[in-house]
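S.K.: Before we start, here is the structure in question, set down as structure tokens.
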């Protein structure tokens, strides 16, 4: 029997995103693989999806990622407006289940609908230290279950969520397009610019090691350096945004346009050119990243990874084989000196199991388990 699934991506970015957007990138990869497996997919998103779907629920009028870190009383209605449209679609439809990817609000609304909503599986894309008041007390009543993206993430989850988690499904990425570029000299950090991602650490260690660094990613949803400069000048309140303030105070002083460059947000062929020509990908995280799509993208392209041994990183990066992990800046500098020891072919071999087809197959098993439990 063909499964009819509503995949709820949320109101923040289109699917797939034009540049940064880890969750939306995963959703795009998964939806395409599910449809290849014969699943009928309705996608709840913002704007026009850039992938083939069977139906689409359009919610808010424009992507709202730039608002996500504004004060709560200015943005709290965005996710709820999105979920109003999702709830209406769920009540009017005949879905077998909902696969939710919207932090807190998605599963809260769907669980509150009770039997008016089909069984719901939520993928936990975020650090489980967040929202402890909600997730530590959440009870899905057998109709709501969870999927973790890594074993380390699940180990940090509240006990209530561990009980209701059906399994761990590692993230996957599509096979890369060959853009015909040779390996270059630059290290690359490809991530949203925020303190947790450690762009300042990346700049310092590359300056110490004498390796050019390219910083790629948006600041507070702004992916164009000229736009950021103009908006900081014309909108003084933007300096109060925590990511903007951190960038201006801690990262921008390290950018010299030579050893350290910020190129803004990148997508499509520009992203591929930067990534496939990188000497290594840097992930000097200050947080326990749960999934690390960027690491999987790099290894799939034969690009070694240098980062800190937090969160999912030790399960993705084999120290000395597909990259290096170090706990402090001195260790990261030493790792950069050894990066040419890493064989790109070994990186590709290590990433071979992380395919969209396997990710979809793993989720289909969880769908079956959730439906079985909900019937019980």
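The values are calculated or read from the model by the stated rules, or taken from the named source; none is laboratory data. All values derive from a computational prediction rather than experimental measurement. Ideal geometry is used to build each Cβ from the backbone, glycine not excepted, and the neighbour counts take in all protein chains shown.
S.K.: Against the conditions (1) crowded, with 21+ Cβ neighbours inside 10 Å; (2) farther than 20 Å from residue 23 by Cα, where does residue 294 fall short? Just the number, please.
M.R.: All conditions are met except number (2).
S.K.: Here's a follow-up. Given (1) closer than 27 Å to residue 26 by Cβ; (2) surrounded by fewer than 16 Cβ atoms within 10 Å (Cβ to Cβ), identify the lone condition not met by residue 235.
M.R.: That leaves (1) as the condition not met.
S.K.: I'd like to verify a number: residues in the stretch 158-180 that are without any contact (Cβ under 8 Å) to a residue 60 or more places away in the chain and either assigned by TED's automatic domain parsing to the domain that holds residue 291 or more than 30 Å from residue 259 (Cα to Cα) (or both), how many?
M.R.: Looking only at that region, the number is 9.
Residues are listed down the side, and each one gets a yes or a no for (1) assigned by TED's automatic domain parsing to the domain that holds residue 262; (2) within 28 Å of residue 344 (Cβ to Cβ); (3) touching a residue at least 60 places away in the same chain (Cβ under 8 Å):
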{"position": "136", "(1), (2), (3)": "no, no, no"}
{"position": "142", "(1), (2), (3)": "no, no, yes"}
{"position": "156", "(1), (2), (3)": "no, no, yes"}
{"position": "182", "(1), (2), (3)": "no, yes, yes"}
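S.K.: Separate question: Have a look at 219, 306 and point out the one that is more than 25 Å from residue 63 (Cα to Cα) and buried (at least 20 other Cβ atoms within 10 Å of the Cβ). Working first, answer last.
M.R.: On the way: 219 fails: more than 25 Å from residue 63 (Cα to Cα).
Only one candidate passes the filter, namely 306.
S.K.: Let me ask something else. Hey, can you tell me all the residues within the stretch 324-339 that are in a helix (DSSP H, G or I) and either touching a residue at least 12 places away in the same chain (Cβ under 8 Å) or not assigned by TED's automatic domain parsing to the domain that holds residue 281 (or both)?
M.R.: Initially, the stretch 324-339 is screened for residues in a helix (DSSP H, G or I), giving 329-337, 339.
329, 332, 333, 335, 336, 337, 339 - these are the residues of the stretch 324-339 that are in a helix (DSSP H, G or I) and either touching a residue at least 12 places away in the same chain (Cβ under 8 Å) or not assigned by TED's automatic domain parsing to the domain that holds residue 281 (or both).
S.K.: Could I ask something else about it? Would you mind stating whether residue 278 is modelled with pLDDT of 95 or more and crowded, with 23+ Cβ neighbours inside 10 Å?
M.R.: Working: modelled with pLDDT of 95 or more: yes; crowded, with 23+ Cβ neighbours inside 10 Å: yes.
Considered against the rule, which asks whether it is modelled with pLDDT of 95 or more and crowded, with 23+ Cβ neighbours inside 10 Å, residue 278 comes out as yes.
S.K.: Can you name the residue in the stretch 106-138 that is within 19 Å of residue 24 (Cβ to Cβ) and out of contact with any strand residue (DSSP E or B) (no Cβ under 7 Å at 6 or more places or on another chain) and is also modelled with the lowest pLDDT among such residues?
M.R.: Looking at residues that are within 19 Å of residue 24 (Cβ to Cβ) and out of contact with any strand residue (DSSP E or B) (no Cβ under 7 Å at 6 or more places or on another chain), I get 130.
S.K.: Something else about it: Residues being over 20 Å from residue 117 (Cα atoms) and surrounded by fewer than 19 Cβ atoms within 10 Å (Cβ to Cβ): count how many of those fall in the stretch 153-170.
M.R.: 9
S.K.: Something else about it: State whether the residues of the stretch 84-100 include one that is within 27 Å of residue 168 (Cβ to Cβ), out of contact with any strand residue (DSSP E or B) (no Cβ under 6 Å at 6 or more places or on another chain) and at pLDDT below 95.
M.R.: For the stretch 84-100, residues within 27 Å of residue 168 (Cβ to Cβ), out of contact with any strand residue (DSSP E or B) (no Cβ under 6 Å at 6 or more places or on another chain) and at pLDDT below 95: absent.
S.K.: Something else now. Counting only residues that are buried (at least 24 other Cβ atoms within 10 Å of the Cβ), closer than 23 Å to residue 271 by Cβ and in contact with a strand residue (DSSP E or B) (Cβ under 7 Å, 6 or more places away or on another chain), how many does the stretch 309-341 have?
M.R.: Qualifying residue count for the region: 3.
S.K.: Against the conditions (1) in the same structural domain as residue 210 (by TED's automatic domain parsing); (2) in contact with a helix residue (DSSP H, G or I) (Cβ under 8 Å, 6 or more places away or on another chain); (3) closer than 23 Å to residue 126 by Cβ, where does residue 321 fall short? Just the number, please.
M.R.: Only one criterion in (1) in the same structural domain as residue 210 (by TED's automatic domain parsing); (2) in contact with a helix residue (DSSP H, G or I) (Cβ under 8 Å, 6 or more places away or on another chain); (3) closer than 23 Å to residue 126 by Cβ is unmet by residue 321, namely (3).
S.K.: On to the next question. Of the residues in the stretch 8-25, how many are crowded, with 24+ Cβ neighbours inside 10 Å and in contact with a helix residue (DSSP H, G or I) (Cβ under 6 Å, 6 or more places away or on another chain)?
M.R.: Residues meeting the conditions: 6.
S.K.: Report, by residue number, each residue of the stretch 202-216 that is surrounded by 23 or more Cβ atoms within 10 Å (Cβ to Cβ) and under 23 Å from the mean Cα position of the chain (by Cα). Show your work before the answer.
M.R.: Here is the first cut: in the stretch 202-216, the residues surrounded by 23 or more Cβ atoms within 10 Å (Cβ to Cβ) are 202-203, 205-206, 213, 215-216.
Scanning the stretch 202-216 gives 202, 203, 213, 215, 216.
S.K.: Looking at the stretch 266-275 only, could you name the residues that are at pLDDT 95 or above and within 19 Å of residue 193 (Cβ to Cβ)?
M.R.: Correct list: 274, 275.
S.K.: Still on this structure, please answer the following. So how many residues does the stretch 26-48 have that are surrounded by fewer than 20 Cβ atoms within 10 Å (Cβ to Cβ) and in contact with a strand residue (DSSP E or B) (Cβ under 6 Å, 6 or more places away or on another chain)? Give the derivation first.
M.R.: Let us first name the residues in the stretch 26-48 that are surrounded by fewer than 20 Cβ atoms within 10 Å (Cβ to Cβ), namely 32, 35-38, 40, 47-48.
This time we only want the ones that are in contact with a strand residue (DSSP E or B) (Cβ under 6 Å, 6 or more places away or on another chain), so: 35, 40.
So the count comes out to 2.
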